[in-house]
1. Given R₀ = 30 Å, what would the calculated FRET efficiency be for residue 70 paired with residue 195, taking r from the Cβ atoms and rounding to 0.05?
2. For segment 227-301, give the magnitude of the charge dipole about the Cα centre (Cβ charges: +1 Lys/Arg, -1 Asp/Glu; no others), in debye to the nearest 20.
3. Of 234, 268, 281, whose Cα points farthest to the positive end of the dipole of segment 219-299 (charges on the beta-carbon: +1 Lys, Arg; -1 Asp, Glu; origin at the Cα centre)?
4. If I fit a long axis through the Cα atoms of helix 289-299 and take the longest principal axis of the Cα atoms of the chain, what angle between them do I get, 0 to 90°, rounded to 10?
5. If you wrap segment 85-166's Cα atoms in a convex hull and average its projection over all directions, what's the area in nm²?
6. Select from segment 227-282 those trypsin sites (Lys or Arg not before Pro) which occupy a DSSP coil region and have at most 14 other Cβ atoms within 10 Å, ordered by residue number.
7. If you look at just the Cα atoms of segment 138-233, how large are its Rg and its Dmax in Å?
8. Computed from the coordinates I sent, Rg/Rh (Cα atoms, Kirkwood Rh) equals one of (i) 1.26; (ii) 0.96; (iii) 1.21. Tell me the label.
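Read-outs: derived from the displayed coordinates by stated rules, not from any lab. Here the structure is a predicted model, which is why all the values come from computation and not from measurement. Cβ atoms come from the backbone with ideal geometry, glycine included; neighbour counts cover every protein chain shown.
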Amino acid sequence: MPLIDLPLPSSPSLWLEPVSQAELSLGAFQRAASALKEPSFPVTRRLSGGPTLLLAPESLHLVLYLPSPSVLVPDADLPRLLNRHLRPLLRALRRLGLAAMYPGRDWIAVAHRPAIWVGFAHHGASNACCVEAFLPLDRSFSVPSEQDASAIYRSEPPWLGKVPAGLRELSPHPLSLETLHQAVTRAYATDLGVLWAPGSFEAGWLRREVRDERPPWAALRQEAIGLVGASGPPWAGLGGEFFASEDLMAAVDRRLEELPRRATRGQLQEVLVAAVEETGGRIEGVCSVDSLLDVLEEAFA
């Protein structure tokens, strides 16, 4: 479900709840057939972009909803959304004795290992957004290799070659879900003045179980934040493991469906430009628009 279709609160709101069952969480712009093979857990789709994650019980799911990126932090914009709004989370972790740092990627490192996955969702026309994070106590968010269909397309290992771990493994002290929950909610209340509002969302809205029947991407390439994929007709679309405004991506897909099977690079570029002008949205985690055009051109060849 897109962010904008949720029953959104009128003011900034923090939602923090434990995951109740093991599940494989697809990013907002992934295709299941290119990400997973023979999944042994339920498959869900979350609000934010990024790669597939394994969510295990005794993990906390955090969503910080913001009517606009700068509503709480005046100098925050979309490129700095995570940097500015993860600061309370980092402080909470450090108060618990965890050596946490944010390296500017889609994860928080603890003791130099990926331990918490972080991402965001955004709607260009309204500027509504959310910061999303998964905090696993035991089993890390890394998808088991036997269920990862994307590995063969990667030119470099995920997580910069580091092995993700759960927080208990990295903590110098015993750590409970309740202790972690209290520390995080207290930090956001103290640092940003936003309170935990358990009734603001529901897990079933934020992580909807899906059956993605679309075929794999016709073309896949590695980019800065992960894989970028594209397909031509009859399943035309653009997606992958980057972050983007949800209405921008919907506009891109709608316009791609209107193109002929052998679209030119110029026509594909016009699609991207028109979608940005229509929505005011952005794509983050991709170094150059040429990467998007390259994969689209291959898919439409």
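1. 0.95
2. Working: 6 positive and 14 negative charges, 48 e Å.
The dipole of segment 227-301 has a size of about 240 debye.
3. Value: 234.
4. Value to nearest ten degrees: 60.
5. Details: hull surface 27.4 nm².
About 6.9 nm², averaged over all directions.
6. Numbers: sites: 254, 255, 261, 262, 265, 282; in loops: 261, 262, 282.
For trypsin sites (Lys or Arg not before Pro) across segment 227-282 that sit outside H, G, I, E and B with at most 14 neighbouring Cβ atoms in 10 Å, the list reads 261, 262.
7. Over segment 138-233's Cα set, Rg and Dmax evaluate to 18.8, 54 Å.
8. The calculated read-out lines up with (ii).
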